[in-house]
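What follows is a short report on a single structure.
No lab work stands behind these numbers, since they all come straight from the coordinates. Quantities reported herein were computed from a predicted structural model and do not represent experimental measurements. Cβ atoms come from the backbone with ideal geometry, glycine included; neighbour counts cover every protein chain shown.
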Amino acid sequence: MEQDAVKTIIEVFKEQKIDLVVTLPEEPTYPLTETVRKDPYFTSITVAGEGHGLALCAGASIGGRGTVFVTGVAGLLVGSWALAQMGVLYNIPLFILASYRGDIGDRSGISGAQLQMFQQVGEPVLNALRIPYRVVDQKATLKRKLEDGYFACRDYSTPLVLLLSGEVLW
């Protein structure tokens, strides 16, 4: 993840009073999660399972805390049951940043078939769950999409996903 993108994300988190960052470690967002861990403003919690991270963020969000779950597109797929419950059944405002493995331009070294599977399945699953999302692939729009995404998540009272890609991620 680009250092400029990390800096922008951290600034927006602080402006929006997002101080709880829950993550499932993964390589593309490592620079962001490491920066968060080192910053005393944030409470950073690493979870072992996607459903646990989503549930932790949901509970904190219901309690009024500014929170974000940072994961990858694979984490969204694994956590889809928890996402379905939080979005479709309970309308919980849950802000999620996910690295978009498999998006056009991903040169991560993961096999092409697996990358294509992430691309072919990720967005359709979010659509099926009726979870609003945006692909954020330009540093010039990152700040605004973060601000708008967090606002919409809270205002709509629903999970909302920003899929990080392009020059923001690699």
| How much mean residue ellipticity at 222 nm does the chain get from its helices, if each DSSP H run of length 4 or more adds -39500 (n - 2.57) and you divide by all residues, to the nearest 500 deg cm²/dmol? | -15000 deg cm²/dmol
| note | Cross-link reach from LYS145 to aspartates and glutamates, straight Cα distance under 19 Å and at least 8 residues apart if same chain, gives GLU2, ASP4, GLU11, GLU15, ASP19, ASP103, GLU123, ASP137, ASP155, GLU167
| query | In terms of Cα to Cα distance under 20 Å, which lysines are near enough to LYS143, apart from those fewer than 8 places away along the same chain? | reply | LYS7, LYS14, LYS17
| query | Using the Cα atoms of the chain to build a convex hull, what is its mean projected area in square nanometres? | reply | 8.5
| Which trypsin sites (Lys or Arg not before Pro) from region 61-170 combine a DSSP loop assignment with at most 15 other Cβ atoms within 10 Å? | ARG65, ARG107, ARG130
| said: Report the Cα centroid-to-centroid distance between region 9-83 and region 105-165 in angstrom, as an integer. | reply: 15
